[in-house]
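Below: one structure, written as structure tokens.
The values are calculated or read from the model by the stated rules, or taken from the named source; none is laboratory data. These numbers come from a predicted model, not from an experiment. Using ideal geometry, Cβ is built from the backbone for each residue, glycine included, and neighbour counts are taken over all protein chains shown. SASA here: full protein model, heavy atoms, side chains in, ligands and nucleic acids out. Shrake-Rupley method; radii C 1.70, N 1.55, O 1.52, S 1.80 Å.
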Amino acid sequence: MTVWRITDGEGGLESGARAEPCYDIVEHETVLLRIAAASASPRLLLSGEIDVSNASDVAHALHAVQARQRGDLHVDLAAVEFMDVAGLRAFTKAARDLHDHDRLLVLHAVSPHIDRLFTLIGWNTSPGLEIHCRPRR
């Protein structure tokens, strides 16, 4: 795990500017997939491809954020270009685990093909899962 230290410079938190999530922990980084986490909030930023070869890494990262943060878990998928059923399974399992603790897994910026795959399989209605910022059709 790589941790970057971010200091408050011009326009930083002490200046009164609105804080965007700071993704300061790299949970996982390979040629196919990069997972960054925000240590101060329950957020993950994923980019690349999620498939059977790295779905367990996604599940591990989701669990790590669940363990260190309270509240709903938010995942930004805007930069995810491909996801197979193994990736969907990792998200739906995490959503069920969160649901058992009265929490949600909120997916943001889901691409049209990933949204369609969730819907075709029927996992878009999984307990604890919310898909926000769906693409326009």
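Data overview
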item: Spin-label pair residue 22/residue 133, simplified geometry with 7 Å Cα→Cβ offset, distance in nm; result: 2.0
item: Net charge contributed by nearby residues that have their C-beta within less than 13 Å of residue 86 (K/R +1, D/E -1); result: -2
item: Spin-label pair residue 78/residue 31, simplified geometry with 7 Å Cα→Cβ offset, distance in nm; result: 2.8
item: Percent RCO, i.e. relative contact order, over region 48-137, from Cα pairs under 8 Å lying at least 6 residues apart; result: 31
item: Exposure of residue 125 as accessible area (Å², to 10), given a probe of 1.4 Å and all protein chains; result: 110
item: Net charge, residue 123 excluded, C-beta distance under 14 Å - Lys, Arg +1, Asp, Glu -1; result: +1
item: Within-11-Å neighbourhood charge of residue 30 [Cβ basis; K, R +1; D, E -1]; result: -2
